[in-house]
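> Please see the structure below; I have some questions.
The values are calculated or read from the model by the stated rules, or taken from the named source; none is laboratory data. What you see is a predicted model; the values in this text were computed from it and never measured. These accessible areas exclude ligands, DNA and RNA; they are computed on the full protein's heavy atoms, side chains included. Shrake-Rupley method; radii C 1.70, N 1.55, O 1.52, S 1.80 Å.
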Amino acid sequence: MIQTNVKTPIEYIIVAVPFHADAATHDDLARKVNEKLNSGCELFGAPFLSEEMMYQAMTKPIQQIS
């Protein structure tokens, strides 16, 4: 038996919302991230931000048709 070291290809996604210093920013990001989680995505690291945006990186396996 020959084994190959084939890794599943993944889609890398960045969820982003405008950053404002209030709880609504966190709620908006959480809502969008939860939508992606429900569609099969997984979290990739912690949320991060810039001066204007708040982000969450996510991954999702790419379904291959054989």
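> For the stretch 31-53, what are the residues that are open to solvent by 80 Å² or more (accessible area, probe 1.4 Å), within 13 Å of residue 16 (Cα to Cα) and in a loop (DSSP other than H, G, I, E, B)?
Result: 51, 52.
> Here is a further query. How many residues does the stretch 1-13 hold that are open to solvent by 80 Å² or more (accessible area, probe 1.4 Å) and either of a type in the set (Val, Ile, Thr) or modelled with pLDDT under 90 (or both)?
In the first step, residues of the stretch 1-13 are kept if they are open to solvent by 80 Å² or more (accessible area, probe 1.4 Å); the result is 1-8, 10-12.
Still in the list and also either of a type in the set (Val, Ile, Thr) or modelled with pLDDT under 90 (or both): 1-8, 10.
Matching residues across the stretch 1-13 total 9.
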